[in-house]
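Take a look at the structure below.
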Amino acid sequence: MTAATATTCPYCGVGCGVLAALDTAGTTRVAGDPAHASNRGRLCVKGAALGDTVGPEGRLLHPMLRGADGVLRQASWDDAVRRVAEGFARIVAEHGPDAVAFYVSGQLLTEDYYVVNKLAKGYLGTANIDTNSRLCMSSAVAGHKRAFGEDVVPGCYDDLEQAEVVVLVGSNTAWCHPVLFQRIAAAREGRDGPRVVVIDPRFTATCESADLHLPIRPGSDVRLFNGLLSFLFRHGVVDPAFIDDRTEGFNRALAAAEAEAGDAAEVARRCGLQEADVLAFYRLFARHEKVVTLFSQGVNQSTSGTDKVNAIINCHLATGRIGWPGMGPFSITGQPNAMGGREVGGLANMLAAHMELNDPLHRDIVQSYWRSPRIADKPGLKAVELFEAIGEGRVKAVWIMATNPVVSLPDADRVSAALARCELVVSSDIVERTDTNAFAHVLLPALGWGEKNGTVTSSERRISRQRPFLPAPGEARADWRAVCDVARHMGFEQGFGFAHPHEIFVEHAGLTAFRNHPPRADGLPAAPRRLHLGTLSALDRHAYDGLAPVQWPVTEDGRGTQRLFADGAFSHADGRARFVAVASRPPAHAIDREYPLVLNTGRIRDQWHTMTRTARSPRLNGHIGEPFVDMHPHDALRSGVRDGELARVSSRWGAMVARVRHGGGILAGSVFAPIHWNDQFASDARVGGVVNPAVDPVSGEPEFKHTPVRIEPFPVRWYGFALSRQPLPASVLSYWTLIRGDRFLRYEIAHRERPADSDAWARTWLGVDDPAADWLTHDDRDTGAYRAVHVRDGCIEACLFLAAQPHLPSRQWLASLFARERLSEADRQHLLSGEPPGGGSDPGPVVCSCFGVGRNTICAAIRANDLDMPAQITAELRAGGNCGSCIPELRRLIAETRATSEA
Ligand code: SF4
């Protein structure tokens, strides 16, 4: 085993420290870093499976250029750099700087982000650089700036353990930020652990152990928090001294709150809640000083997302509960480096180092520090409007980095249409085939996790190093280096002579300190920007390489800062925070007779973004393998669809196909679909194609949580599945999903046509053209059931099971046979039944991905041993004993199984 490299998980905004090493076979082994303050040795299942995702399959290894014949071919870096530089330069010369754009990613390292932002704003002179973080937390950014004068998260993760009450708003923390959820859960095991309130339209895994769940009507959060502000005031819980001394705008905010939410009964009615539950929440908040309100995409991804953020912050300002241990509003970001991107100005409406595009003083500070030839002087296009501009031909060249907008943006079919007509599409990526790369004229191979070298900043302002422990594959290069190569080819030698990410980092750190708190020529007072990394600008290469995780601002002696604003000094010029008067607004698009259901979208536990990495891991694919639409049984009945069948989900913007399921946690009137699947893994499951493109007027964040949709049956003649060692031609079928297993590929399939001769069709589709092949079949023409297994050299090679209904044998036992070196005679005799010899039981769908423990196994153990604690299941089956991500599901299975047994 090589010595472990301390690095950082590349997935969510928790920013867990990871120790990575290679074993003697060259396999990557990972463990949580006990010395990292964010996770203290914990990892969730995605982090724990990082080693499965670093293989060479599908990697983009060389630059590729699309020729006049439309074909992508391998090219040299020199040619690729020339094509990008000359293409961008020509379009800028002919149409001006705003005819080019960059669309980057919260997956980039801060150093990558810094140089691309510098090129766009300081050298090309356009602020058309936006990021997929726009889709995730830009409402939080806008809310912070309105309230505090700067995009600052005041607290830290320790506050979640020190709080008396944790309010989780629009956050399925158990699945989306599992390590934080585990920290809260661990704190709750102590006597003084926090009470937990979950505010979410869905009953998610996060709700399993909550003290109170408010299944709020989608979009009504502003009213609920305005009601809280009113309640706090009426019950004398506000802090008059703090309000008077440290804030502005309380009376107007309170008047707005009173106007729409002064009556708790009315608040409850309009939010779709029980009055008693609303009052219970208000009383918990009022009676405990130490309250953290943690919010995420359920708040941000809304046309009133910024107002929701400020409605939450208003309550903390009114009580003065901010900046002290165990209290404060807390925005948790989806991506690993959303905050690092914000630090270096990686959004179209900001400059680097938390400075503002529309402030001449800030523009002067940045331009003089960079000594750049120009500086963008107006905000650029935010993500959704950027792709609209591409579609309209106003933006003619776009460089996309580490993101997949054809999948992830709303109204995604318009995004693909826009890229199809764009003159120059450049994509920097680690994988060759993505829905977005299909439109690229230039593909640039980037470094992936394990190869990158730089920094990321987590949701608690903690800067951590991502360190390389793997060599760069093929000709892959760091994104910062590709940007510098292009910049230099455009003639910008000065400003892009970086030879190492350390040089970029110290320049970035220096800018945060440069003229921070300068005298203003316009006579206005100036407050310091809290983003200050000044002492880090003195790091030498050795110190940068060894940099320990640190929270900004960094003090003169190099120490970090856990919390901000305890001194009551905010970043507005007068040092005071602002209340923002907010009022409820309905979502942009209301349901109607044609589209009667509300589509909510989000993540699942074991996949990440568009699955380019997590879908490589068999264990991550075991939990939920298919795109689904979760809906209430009553809505399913009304829509004419049934659990397990396929449905078409359509809106005014597009449609997708997914498997219907009744997860049990969704309100009637709403449906939920995950964001992950795309054309690489399923026939037609891009939920972005269905989502409406309305955005928050302040932040520009799209309304991913509220699109009116209709659900209809997706009629097919048969359902089936196939397991195969070789890829199969799934695209000929009406429906397919591809799931990577351990030594096999699994296809869940369905089709509109029934073949006249099932056996002939199966042989052709599975590629078994040898008449002498070891081929076992069962064909029941009366029921429409057909089964075939291809055995080669005593091993299973492929199998195919078809039926008129979606009721098919479990895949688990058949899948396990692909790991066998030879089938036993008993196995062989049972192949066509799909069930193990001796009547072994079906373990059911995987719940614990770490140990591959299925639902049926867990339920059987609960029944047989009368288990009532997740820890007992762990002792019995190991499930839940590693990363702990499945513990909320174990809790649910205990409740369900015991309820069934007692009935
Ligand atoms: S919670 Fe999981 S996905 Fe998020 S940073 Fe930690 S290990 Fe990675």
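Since every read-out is calculated from the coordinates, none of them should be taken as a lab result. All values reported here derive from a predicted model rather than from experimental measurement. Note: ideal-geometry Cβ built from the backbone for every residue, glycine included; neighbour counts use all protein chains shown.
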Hey, which lysines would be in cross-link range of LYS145, C-alpha to C-alpha under 30 Å, not counting anything within fewer than 8 residues on its own chain? LYS118, LYS121, LYS290, LYS308, LYS378, LYS382, LYS705
Nearest-5 percent of antiparallel DSSP beta bridges in the chain? 60
Taking Rh as the Kirkwood radius computed over C-alpha pairs, what is the Stokes-Einstein D of the range 586-638 at 10 °C in a medium of viscosity 1.306 mPa s, expressed in µm² per second? 115
R0 = 35 Å: FRET efficiency of ALA548 with ALA569, Cβ-based, nearest 0.05? 0.80
Over the range 120-214, what portion of Cα pair distances is larger than 21 Å, expressed as a whole percent? 48
Give me SER428, SER209, SER408 sorted ascending by neighbouring Cβ count inside 10 Å, so fewest comes first. SER209, SER408, SER428
The range 645-669-the range 293-362 distance, computed between alpha-carbon centres (Å): 32
Whichever aspartates and glutamates have a C-alpha closer than 19 Å to that of LYS46, once near sequence neighbours (fewer than 8 apart) are set aside: ASP33, GLU57, GLU451, ASP606, GLU626, ASP742, GLU889
Throw me the Rg/Rh for the range 664-727, computed over C-alpha atoms with Kirkwood Rh, two decimals. 1.07
Quick one: divide the alpha-carbon radius of gyration of the range 411-483 by 2.2 N^0.38 Å and tell me what you get. 1.36
Label GLU86 and ASP359 with points 7 Å out from Cα along Cα→Cβ: what is the distance between them in nm? 4.2
Distant alpha-carbon pairs in the range 352-487 (separation over 19 angstrom), percent: 63
Across all directions of projection, what mean area in square nanometres is found for the Cα convex hull of the range 410-555? 13.0
What is the gain in length, in nm to one decimal, between ARG781 and ARG374 on full extension, counting 0.36 nm per residue of separation less the C-alpha to C-alpha distance? 139.1 nm
Could you state the principal axis extents of the C-alpha atoms in the range 757-813, from the largest down, to the nearest angstrom? 32, 28, 15
If amide H atoms are built 1.01 Å from N in the plane of the peptide, which residues on other chains or at least 5 residues away come under 5 Å of the amide H of GLY272? ARG217
I need the phi-derived Karplus couplings for the range 160-167: 6.51 cos²θ - 1.76 cosθ + 1.60, θ = phi - 60°, integer Hz, Gly and Pro marked x. 5, 8, 8, 5, 8, 9, 10, 9
What's the FRET efficiency of ASP866 with GLU432 using the Cβ-Cβ distance as r and R₀ = 51 Å, to the nearest 0.05? 0.45
Note down the Stokes-Einstein diffusion coefficient of the range 683-785 in µm²/s, whole number, using a Kirkwood radius over alpha carbon pairs, 20 °C, and 1.002 mPa s. 126
Between SER699 and residues 5 or more places away or on another chain, which pairs have amide H atoms under 5 Å apart, with H built 1.01 Å from N, and which residues are they? THR306
Quick one: the Cα spread of the chain along its three principal axes, in angstroms, biggest first? 89, 67, 57
Convex hull volume of the range 530-660 per residue (C-alpha atoms, cubic angstrom): 255
Assuming a ≥ b ≥ c are the square roots of the Cα gyration tensor eigenvalues, decide whether the range 441-505 counts as rounded (a/c under 1.5), prolate (otherwise, with a/b larger than b/c) or oblate. oblate
Give the span of the range 1-128's Cα atoms along each principal axis, as three whole-Å numbers ordered largest to smallest. 55, 32, 22
